[in-house]
């Protein structure tokens, strides 16, 4: 059996594979068992995300926290949180009206820390020899160099999961193997509607908006 660690860029996964689907109630352990070989012993899933703002929709952080509760029921999964910043920012207009303003103030939302945290843990776990195989769920090209270091310098097998059904991007060029997520994979890897949570008979329910 190959000791396998999985690194999930939560927002990359959401926006590329889940946002426009009914498969957001995703069991990541079940998904990886759909995608990987039987000899991959999935010992750790690291999920990287950041608390979202309810500025434009107060239900968004509620749904996120409910999903994180569901993920915490997986014994081999660890959640690593960065930060989400929403602030006004001045941006130039593409076609300003003659004599009118050339810039407009918009809300600018930035995620801070998740990609750095993922890269840090990926390299740290590799040099500590915690896995034989690493799998990265992201198409963020900021991860090109960390993936290359794990493959070429630490000499670990590493794979990249293509999230959006399109041709593999630049990050996939640095992996030793590639897997593609399909709608059938997502459908087969959903949590049940109600999940036991904690030791006092509590449960966590799928958000009705995700049904």
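Screening segment 198-211 for residues that are in a strand (DSSP E or B) and more than 25 Å from residue 9 (Cβ to Cβ) and picking the one that is modelled with the lowest pLDDT gives 202. Residues that are assigned to a strand (DSSP E or B) and under 16 Å from the mean Cα position of the chain (by Cα) within segment 176-193 comprise 179, 180, 190, listed in sequence order.
Residues checked against (1) out of contact with any helix residue (DSSP H, G or I) (no Cβ under 8 Å at 6 or more places or on another chain); (2) closer than 26 Å to residue 188 by Cα; (3) at pLDDT 95 or above; (4) in a strand (DSSP E or B):
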position: 20; (1), (2), (3), (4): yes, yes, no, no
position: 31; (1), (2), (3), (4): no, yes, yes, no
position: 46; (1), (2), (3), (4): no, yes, yes, yes
position: 57; (1), (2), (3), (4): yes, no, no, no
position: 61; (1), (2), (3), (4): yes, yes, no, no
position: 67; (1), (2), (3), (4): yes, yes, yes, no
position: 97; (1), (2), (3), (4): yes, no, no, no
position: 105; (1), (2), (3), (4): yes, no, no, yes
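Checked against the criteria, residue 89 does not count as in a loop (DSSP other than H, G, I, E, B), in contact with a strand residue (DSSP E or B) (Cβ under 7 Å, 6 or more places away or on another chain) and modelled with pLDDT under 95. Quick check: anything in segment 142-153 assigned to a loop (DSSP other than H, G, I, E, B) and farther than 22 Å from residue 29 by Cβ? No, segment 142-153 has no match at all.
If you go through segment 157-175 and keep only what is part of a loop (DSSP other than H, G, I, E, B), touching a strand residue (DSSP E or B) at 6+ places or on another chain (Cβ under 6 Å) and in contact (Cβ under 8 Å) with a residue 24 or more places away in the chain, you end up with just 175. For residue 129, the conditions (1) closer than 20 Å to residue 13 by Cβ; (2) outside any strand (DSSP E or B); (3) free of Cβ contacts under 8 Å to residues at least 24 places away in the same chain all hold with the exception of (1).
Residue check: is residue 150 at pLDDT 95 or above and either surrounded by 17 or more Cβ atoms within 10 Å (Cβ to Cβ) or in contact with a helix residue (DSSP H, G or I) (Cβ under 8 Å, 6 or more places away or on another chain) (or both)? In short, yes. Residue 115 falls short on exactly one of the conditions (1) within 26 Å of residue 29 (Cα to Cα); (2) part of a strand (DSSP E or B); (3) at pLDDT below 90, and that condition is (2).
The values are calculated or read from the model by the stated rules, or taken from the named source; none is laboratory data. These numbers come from a predicted model, not from an experiment. Cβ: placed from backbone, ideal geometry, glycine included. Neighbour counts: every protein chain shown.
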